[in-house]
Structure formats: C-alpha cells, structure tokens
Amino acid sequence: MNTYTFRYKNITRELPIYEVDYGTCIAYLDTLSDFELVSVLSRDLAALISENDDFRASDNTVIFTAESKGVPFAYSVAHYLAETFGKRVSVVIARKREKMFFGKCVYAEKSSITTEHGVERLLVTEDDVKKMKNNDVVLLDDFYSTGASMKCLESLATQCGARIIDRVVALWETSDENKPDVKDVKYLATIPIL
C-alpha cells in the first residue's frame, strides 16, 4: 500500500493513500484515533483563535463544528481557550441524524470528496439554536478540502442568528504544493490531495 509521510511539529505519521473518487486520492489521517495529534493541533487552533480581537472581546464564545471528526477538536479547543483566558466557551455540534427529541431544528446540506452518498444534511437542535443565537461563534473543522463543510456550518450559524467571528481548520487538503491563498479561513498545515 502506498503511504504519505505527514509531519507536524514533532509528530510523524505514515498515512495510507485511498482513492475517494476516480483519479482523486487522499492521504487518510484518522483523527478520531489519534489523541496525541488532536491535542497538539487543538492547542495550536486555540492559539490561532486567541489572536482574534473579536474573540478577546467576547464574553461568550461558541465553538461550532460538524459531527463527527470535528468533535474532539471542538472540545479540546474550547477547553484550552476557557482554561487560558478564563472565558465562557461552549461547544455546539451540527448533527448528521435527527432524533425525535431534538425539537425544531435548522438544516443545511453539503457534499464533499469523502461523502459516500452524495449530499449530506446537517442540523442544529432547537436547544443548540438557542445557545448560538446572538452569540459569537467560531466555525471549526478538522479538514478543509472543497470548502463544502465550512459553507454548511456558516449557513447553519447564520440561520441560528449567530455572529461568526472566526473560521479555523486543522488541516487544509490541497492538490497544490503551495499554501492556499485564503483570507477568511485559518489553518495550521496542509495535507495533499493526490
């Protein structure tokens, strides 16, 4: 099996390469099973967010991510921010499946290079809509490849009446050897789309 060597600070991982679409391959990094890497990346994501003047001025910040690989990042980042700055930081998760006790939800759809069945619908529960309404929100995701997940989070946050103050991702998936030139999404490192 072909692999890609991923390095971030003092961490090295040999990643298997998988074809996700005809002619498009990714170096697969399973962040759900990598506590060490998620911890280091989360600490650095928190540092990125802390540089934002809107975060520093905020009394109540919500870290908003999508189920499921964004969850460990969101909780770790929220912990680091609350511990370091003594601020109220909460987490809201955009869910993939609706439950009968979620109340009146808001919805948005997305598709990405790793979505197996085309379009995926994300939702925010009624209680979480209340948490986000009129509050400062940081959109957070583990990977950025097509931008579909970030746009979906943005749509949901807007529908909830949140004020988006930052957009951060741990890793930017790119087929370009150069770092992406993007102004509104901050990231820590790149990983290739092959």
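Quick notes on this structure:
- Rounded to 0.05, the FRET efficiency of the ALA47 and LYS151 pair, given R0 = 25 Å and the Cβ-Cβ distance, is 0.50.
- Alpha-carbon Rg with Dmax, taken over the chain, Å: 16.5, 49
- Distance violations [Cα-Cα > 24 Å] among LYS87/LYS110; LYS87/LYS151; LYS96/LYS151; LYS69/LYS186: LYS87/LYS110; LYS87/LYS151
- Förster-model FRET efficiency, 35 Å R0, ALA189 and LYS104, C-beta, rounded to 0.05: 0.35
- As a proxy for reagent exposure, ranking TYR107, TYR80 by other Cβ atoms within 10 Å from fewest up yields TYR107, TYR80.
- Amide H contacts of THR190 (H built 1.01 Å from N, under 5 Å, at least 5 apart or other chain): TRP172
- Label positions at VAL119 and ASN10, each projected 7 Å from the Cα along the C-beta direction, are separated by 4.8 nm.
- The local environment of ASP166, defined by Cβ-Cβ distances under 13 Å, has a net charge of -2 under the rule Lys, Arg +1 and Asp, Glu -1.
- Here the residues ASP136, ASP21, ASP54, ranked from fewest to most Cβ neighbours within 10 Å of their Cβ, fall in the order ASP21, ASP54, ASP136.
- Residue order, fewest to most surrounding Cβ atoms within 10 angstrom, among ASP142, ASP34, ASP127: ASP127, ASP34, ASP142
Computed from the coordinates by the stated procedures, all read-outs in this text should not be read as laboratory data. The model shown is predicted, which means the values in this text are computed figures rather than measured ones. Note that we place each Cβ from the backbone using ideal geometry, even for glycine, and neighbour counts take in every protein chain shown.
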